[in-house]
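*Asks:* Please see the structure below; I have some questions.
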Amino acid sequence: MSLMADFGISAGQFVAVVWDKASSVEALKCLVDKLQVLTSNEGRRSVENINQLLQSAHKESSFDIILSGLVLGSTTLHSAEILTEIARILRPGECLFLKEPVETAVDNNSKVKTASKLCAALTLCGLMEEPLTPEEVLDRLLFVQITGKKPNFEVSSSSQLKLSITKKSSPSVKPAVDPAAAKLWTLSANDMEDDSMDLIDSDELLDPKDLKKPDLASLWAASCGEGKKRKACKNCTWGLAEELEKEKLREQISSQPNCPYLGMPGFKPGEKMLLSDSNLHDAEEGLDMGLICSSSQLLSLTSHHGGSSHQDLFTLRSICRVGA
């Protein structure tokens with residue numbers, strides 16, 4: 001009972017006991033009976049297996065005191081996840097009493113922590129550790145008992161800081177300027193004609209590679225031509241749009257090299273074309289201006305442009321009078 005008094009357990013408190021599979025069942029039952037007497041009916045006792053603690057789904061700040069690894073025969077190793085969960089369900093300002101075996105010598109391959117690493121683990125999980133107490137040594141392992149206290153505030157809580165910030169009064173008088181410093185950074189027109197002034201020619205700052213005309217492809221933006229499909233940017237000014245347009249035209253010509261209609265006009269020779277009154281009127285105006293061409297000349301003109309649609313033919317006929 002004196003051991004329970006060291007933990008400060010009193011009536012009405014909520015206490016959690018964490019045990020592992022190595023713990024003695026009889027010792028666990030004896031510990032729970034003692035807690036029941038100390039906390040009375042107003043308090044609450046909770047017994048949790050360390051492997052099931054993360055799945056217990058306790059609410060935040062549920063317990064006043066947590067006892068972990070204190071059952072006789074326990075060899076509990078507290079991971080960072082377990083310590084974080086304990087800090088979450090512990091009430092602000094309350095304590096965790098923990099017992100764990102630690103290594104007496106540093107061993108990087110061992111899962112057992114040293115005493116300093118155990119203290120550091122408590123601190124990283126949000127608990128303020130108090131001086132540890134060596135208990136017993138068993139097979140190179142030192143069993144130590146340590147107390148971790150939760151700060152008087154909840155995790156992720158916020159508080160307004162009272163800061164006394166006064167506005168600095170702006171000086172009414174401008175600071176004095178050193179005349180020597182002002183003269184040092186001043187350049188007048190007379191200094192430009194002074195032979196003693198050491199002036200640097202801006203052209204001398206250029207290297208020969210700076211004077212070389214850059215390749216047009218090197219001036220393209222980073223996104224121009226990237227990926228499997230080359231695509232010019234909107235309002236391209238680097239020439240990629242024109243280059244892609246030329247490539248598209250060449251692909252259209254090369255895709256049908258044996259086309260019998262390649263280069264022919266958009267109408268059949270001898271085909272009778274019907275013109276509207278407006279087109280005839282335009283043709284008469286073209287005649288008055290001396291724009292006369294024969295049908296063979298018209299055919300030659302449209303053939304020269306690689307073929308033409310009916311609309312193009314009407315446009316040409318609108319300025320030409322077709323002869324015999």
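The values are calculated or read from the model by the stated rules, or taken from the named source; none is laboratory data. What you see is a predicted model; the values in this text were computed from it and never measured. Because the Cβ atoms are built from the backbone with ideal geometry, glycine has one as well, and the counts that use them run over all protein chains shown. These accessible areas exclude ligands, DNA and RNA; they are computed on the full protein's heavy atoms, side chains included. Shrake-Rupley method; radii C 1.70, N 1.55, O 1.52, S 1.80 Å.
*Asks:* Would you grab the residues whose amide H sits under 5 Å from the one on Val102? Only those 5+ places off in sequence or on another chain, please, with H modelled 1.01 Å from N.
*Replies:* For Val102, the qualifying residues are Leu142, Phe143, Val144.
*Asks:* When the accessible area of the stretch 3-150 is computed with all protein chains present and a 1.4 Å probe, what percentage of it is carbon and sulfur? All intermediate terms of the calculation are to be shown ahead of the outcome.
*Replies:* Details: 4150 of 7700 Å².
Carbon and sulfur: 54 percent of the exposed surface of the stretch 3-150.
*Asks:* Taking R0 as 25 Å, what's the FRET efficiency between Asn152 and Thr75 from their Cβ-Cβ distance, rounded to 0.05?
*Replies:* Working: r = 33 Å, r/R0 = 1.31.
Once the sixth-power term is evaluated, E becomes 0.15.
*Asks:* Taking the Cβ-Cβ separation of Ser10 and Met128 as r and a Förster radius of 30 Å, what is the calculated FRET efficiency to the nearest 0.05?
*Replies:* Details: r = 22 Å, r/R0 = 0.73.
The pair Ser10/Met128 has a calculated efficiency of 0.85.
*Asks:* Give the span of the stretch 1-122's Cα atoms along each principal axis, as three whole-Å numbers ordered largest to smallest.
*Replies:* Result for the stretch 1-122: principal-axis Cα extents of 47, 30, 26 Å.
*Asks:* Sort 118-127, 243-252 for me by packing, meaning the mean count of neighbouring Cβ atoms within 10 Å per residue, highest on top.
*Replies:* Ranked by mean Cβ neighbours within 10 Å, highest first: 118-127, 243-252.
*Asks:* Taking amide hydrogens as modeled 1.01 Å from N in the peptide plane, which residues meet the under 5 Å criterion relative to Glu129, leaving out close sequence neighbours?
*Replies:* Lys149
*Asks:* If you don't mind, there's one more thing I want to ask. Stretch Ser40-Gln55 to full length: gain in nm at 0.36 nm per residue minus the Cα-Cα span? Walk me through the numbers before you get to the answer.
*Replies:* On the way: separation 15, 0.36 × 15 = 5.40 nm, distance 2.74 nm.
Separation in residues times 0.36 nm, less the Cα-Cα distance, equals 2.7 nm.
*Asks:* Please give the peptides 86-94, 8-16 ranked by average Cβ packing (other Cβ atoms within 10 Å per residue), highest first, as a rough proxy for protection.
*Replies:* Result, highest mean first: 86-94, 8-16.
*Asks:* Go ahead and run the numbers for FRET between Asp215 and Lys248, Cβ-Cβ distance against an R0 of 22 Å, rounding to 0.05.
*Replies:* Given R0 = 22 Å and the Cβ-Cβ separation, E is 0.45.
*Asks:* Right, here's the next one. Give me a comma-separated list of calculated 3J(HN,Hα) values for the stretch 19-34, in order, Karplus coefficients 6.51, -1.76, 1.60 applied at θ = phi - 60°, integers in Hz, x for any Gly or Pro.
*Replies:* After applying 6.51 cos²θ - 1.76 cosθ + 1.60, I find 10, 10, 5, 7, 6, 6, 5, 5, 5, 5, 5, 5, 5, 5, 5, 5 Hz.
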